[in-house]
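Q: One structure, pasted below without further comment.
The values are calculated or read from the model by the stated rules, or taken from the named source; none is laboratory data. Since we're looking at a predicted model, the values are computed, not measured. All Cβ positions, even for glycine, are placed from backbone atoms using ideal geometry, and neighbour counts span all protein chains on display. All accessible areas refer to the heavy atoms of the entire protein, side chains included, with ligands and DNA or RNA removed. Shrake-Rupley method; radii C 1.70, N 1.55, O 1.52, S 1.80 Å.
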Amino acid sequence: MLQMVLGNKGLGATVGAEHHRQRKFLNPIFGTAYLRHMPPLFYEVTQRFIASLRTLCADRPMEIDMSHWGTRVSLEFVGQGAMGFSLDSLAIDAKPNLYGEDLKQG
């Protein structure tokens with residue numbers, strides 16, 4: 001049922017041997033030894049995000065699409081944390097990273 005809804009065979013939509021194989025592949029990423037080195041990355045990305053929000057609201061209060069920004073920040077966490085590569089500078093006028101855009105689509 002989940003495969004029909006989600007349209008893929010990701011971790012949340014698989015069962016049995018395929019689910020076990022995917023979990024075995026992902027478990028090291030969420031282990032304490034790996035995550036121990038993540039806080040500096042989280043701080044750095046969060047500071048860039050806050051700086052962009054401050055720039056957006058510098059002149060006047062305004063509505064901000066937090067879904068858009070949440071997606072950008074999440075993609076940056078995944079890019080830097082899992083791949084060691086920045087997928088979004090989080091600058092207001094930044095051009096989208098083509099690899100990041102592809103990841104969002106599929």
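Conditions tested, residue by residue: (1) without any contact (Cβ under 8 Å) to a residue 60 or more places away in the chain; (2) part of a helix (DSSP H, G or I); (3) within 20 Å of Gln105 (Cβ to Cβ).
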residue	(1), (2), (3)
Glu18	yes, yes, no
Arg21	yes, yes, no
Phe42	yes, yes, no
Gln47	yes, yes, no
Ile50	yes, yes, no
Asp59	yes, no, no
Ala82	yes, yes, yes
Phe85	yes, no, yes
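Q: Take the residues in the stretch 20-68 that are open to solvent by less than 80 Å² (accessible area, probe 1.4 Å) and among the polar types (S, T, N, Q), then tell me which one is farthest from Ser86 (Cα to Cα).
A: Gln22
Q: For Lys95, only one of the following conditions fails: (1) in a helix (DSSP H, G or I); (2) among the basic types (Lys, Arg); (3) open to solvent by 90 Å² or more (accessible area, probe 1.4 Å). What is its number?
A: (1)
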